[in-house]
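Here, each number is a calculation from the coordinates, and none is a lab measurement. Because the structure is a prediction, the values reported are computed rather than measured. So basically every Cβ, Gly included, is an ideal-geometry build from the backbone, and we count neighbours across all protein chains shown.
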Amino acid sequence: MDFNTIISEFKNGITTITINRPTKLNALNKETIKELHYAFKAADTDSKTRVILVTGSGEKAFVAGADISEFSSFDVKEGLKLAAKGHKTLFDFVENLSTPVIAAVNGFALGGGLELAMACHFRVASTNAKMGLPEVSLGVIPGYGGTQRLPQLVGKGRAMEMIMTAGMITADQALDYGLVNHVVTQEELIPFCEGIAKKIMNNSPKAIGEAIKSINAGFKSGVNGYKKEIKGFGKCFGTEDFTEGTTAFLEKRKANFTGN
Ligand code: COA
């Protein structure tokens, strides 16, 4: 599929999705959200893709938020629809993929940009990155999961302060808060993420998919994460990856996982 606002490239088991509207600091418009949905879906269903990286084009921004020009004239009904659709097509969608998704935060990650990074399974930032949820400065609240995922990642008090002040934090503060796992220079960002991806690719895609489901279950209301873990654990015993992983260990060789 041809995309206008993103680039999706596959190399060595990794699909890298780059949001490509640098003149608008990669702000997420309707078309970008739709294209991201298709690109993530295609990468997740492609058995050759073992890890997905998402980043922004240019040196300034990961994503500077949802495209403000698109929703500034919306009414209540349209506002509700915008958030609900965004959750379904992109943010919840990414969080629940069984292929690991790493956000390579290469600059501003604001509003919907930080919400996208938070929907990814984990985040690595470059030293110049700045993160925040500035929505209340526009008279609105974060609507793509920010009020839920930010407190999960940084704690309630820090999330309250970040959202109420609409301020930005630096990459080092984000590291201190646990919002990102690592901070590296902008030049090192993609190679560093590829290095993590390489380690992930040594392991069973089937088991990783089950682990993601189980971890996510613990953050969903009305779902018992422990029960999900027991079920997922049991399911793994019926996979080829389990047979291969345990056999390889006993035969003292490296496992060759197929993801089946
Ligand atoms: N939606 C739409 N356009 C955006 C955007 C957004 N979220 N963020 C940046 N842009 C556009 C600007 O309008 C500008 O476009 P123009 O050149 O056609 O005027 C272009 O991107 C460059 O942004 P600019 O503001 O000139 O860059 P800057 O370096 O002076 O400031 C920011 C960078 C990130 C501080 C600033 O762009 C900003 O505050 N953006 C909005 C952040 C936000 O509130 N996000 C949450 C949205 S819910």
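Below are the figures for this structure:
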item	result
Distant-in-sequence amide H partners of residue 56 (H built 1.01 Å from N, under 5 Å)	19, 106
Within straight-line cross-link reach of residue 254, lysines at Cα separation under 25 Å, skipping those fewer than 8 residues along the same chain	11, 48, 198, 199, 206, 235
Anisotropy class of segment 6-200 from Cα gyration tensor, a/c 1.5 cut	oblate
Estimated inter-spin distance, residue 80 and residue 260, nm [label 7 Å along Cα→Cβ]	4.8 nm
Extreme residue, positive dipole direction of the chain, given options 90, 201, 74 (C-beta unit charges)	201
Estimated vicinal HN-Hα couplings, Hz - segment 7-23 in sequence order (Karplus 6.51, -1.76, 1.60; Gly, Pro = x)	10, 10, 10, 10, 7, 6, x, 10, 9, 9, 9, 10, 6, 10, 10, x, 5
Considering only the chain, percent of DSSP beta bridges that pair antiparallel, nearest 5	30 percent
Residues of type aspartates and glutamates that residue 252 reaches as a straight line, Cα spacing below 20 Å, ignoring anything fewer than 8 places off in the same chain	240, 241, 244
Label-zone membership for segment 104-148, site residue 187, 7 angstrom Cα→C-beta point, backbone N under 15 Å	127-128
Relative packing of peptides 100-107, 181-188 - highest average C-beta neighbours within 10 Å first	100-107, 181-188
Charge dipole of segment 208-258 about the Cα centre (unit charges at C-beta), most positive-ward option of 223, 249, 238	223
Peptides ranked, highest mean first, by Cβ atoms within 10 Å: ranges 245-258, 20-33	20-33, 245-258
Distance between modelled label sites at residue 199 and residue 216, nm, 7 Å Cα→Cβ extension	2.3 nm
Packing-based ranking, highest mean first, of 121-133, 3-15, 44-56 given that Cβ atoms within 10 Å are counted	121-133, 44-56, 3-15
Nearby lysines by direct alpha-carbon distance to residue 77 (threshold 19 angstrom, same-chain neighbours under 8 apart not counted)	30, 85, 88
Among 240, 35, 115: highest mean-square fluctuation, GNM of the chain, C-alpha pairs under 10 Å	240
Cα centroid separation, segment 132-205 to segment 57-97 (Å)	17 Å
Estimated vicinal HN-Hα couplings, Hz - segment 99-105 in sequence order (Karplus 6.51, -1.76, 1.60; Gly, Pro = x)	8, x, 10, 10, 8, 9, 7
Dipole axis of segment 33-190 (+1 Lys, Arg; -1 Asp, Glu on Cβ), positive-most option in 47, 173, 146	47
Sum of -39500 (n - 2.57) over DSSP H runs of 4+, divided by residues of the chain (222 nm, nearest 500)	-13500 deg cm²/dmol
